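Below is one structure, written out as structure tokens; comments come after it.
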Amino acid sequence: MSDSKLKKIRLELARTKQFPEGNPRCGYEFTAPLTKDGHLDVDLYKREKAACRVQRFWEGEKAEEGALLHLGKDRWVFSYAPGDDDDEPAFKFDRHSFVPGEYVSVTEHDGETRPFKVVTVK
């Protein structure tokens, strides 16, 4: 029996040169299977893959809908269309604990890797 559950996670842009205070109007909301300690659960992901969705929101841009994909061993991406042209690699998502206050990095469409703060996990 697994202690993992699907959770909705909200990431907001952390401090960057462009946004020294961060920006709560830029980020991601995604559904993912987490263990009790907040790590991604690959086994549950395999069973619940269709439910692992993402929405990218960015001030001044149209929201994008896509999927959280596990592409083997330790590679996780946000993907918005078939193929890998639009994939946004998530840096070491396999090692991070998704709990409020933690930070993760995502390489976005423009090739920039940006920091995001985990704001909520529901």
**Q.** Dipole-positive endmost among Ala51, His39, Asn23 within the stretch 15-54 (Cβ charges, Cα centre)
**A.** Asn23
Q: Give the whole-number value, in cubic angstrom per residue, of the convex hull volume spanned by the C-alpha atoms of the stretch 58-122.
A: 110 Å³
Q: Enter the per residue convex hull volume of the chain, computed from alpha-carbon coordinates, in Å³ rounded to the nearest integer.
A: 102 Å³
(Q) I need to check one value: relative contact order of the stretch 64-121, counting alpha carbon pairs closer than 8 Å and at least 6 residues apart, in percent. (A) 24 percent
(Q) Can you show me the helix-derived [θ] at 222 nm for the chain, built from DSSP H runs with n ≥ 4 at -39,500 (n - 2.57) apiece and divided by the number of residues, rounded to the nearest 500. (A) -1500 deg cm²/dmol
Q. Tell me, what are the semi-axes, in whole angstrom and largest first, of the equivalent ellipsoid of the stretch 1-54 as set by the roots of 5 times the Cα gyration tensor eigenvalues?
A. 28, 11, 7
(Q) Suppose every Lys and Arg Cβ carries +1 and every Asp and Glu Cβ carries -1, with no other charges. What dipole size does the stretch 10-122 come out with about its Cα centre, to the nearest 20 debye? (A) 440 debye
**Q.** Pairwise label distance in nanometres, Tyr103 with Ala51, each label 7 Å out on the Cα-Cβ vector
**A.** 3.2 nm
Q. Taking the Cα centre of the stretch 1-53 as origin and charging only Cβ (+1 Lys, Arg; -1 Asp, Glu), how large is the dipole, in debye to the nearest 20?
A. 180 debye
Q: Return the subset of Lys36/Lys62; Lys7/Lys62; Lys49/Lys117; Lys5/Lys117 for which the Cα-Cα distance in this structure is over 29 Å, preserving the input order.
A: Lys36/Lys62
**Q.** Taking only Cα atoms of the stretch 29-73, radius of gyration then Dmax in Å
**A.** 12.2, 37
Q: Find which of Leu11, Val77, Thr113 sits farthest along the positive direction of the dipole of the chain, computed with +1 on the beta-carbon of Lys and Arg, -1 on that of Asp and Glu, about the Cα centre.
A: Leu11
(Q) Suppose a student asked you for the relative contact order of the chain, using Cα pairs under 8 Å spaced at least 6 residues apart; what percent would you report? (A) 25 percent
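Read the figures in this text as sums done on the coordinates, not as results from a lab. In this text, all values refer to a predicted model and were calculated from it rather than measured experimentally. Backbone-built Cβ (ideal geometry, glycine too); neighbour counts: all protein chains shown.
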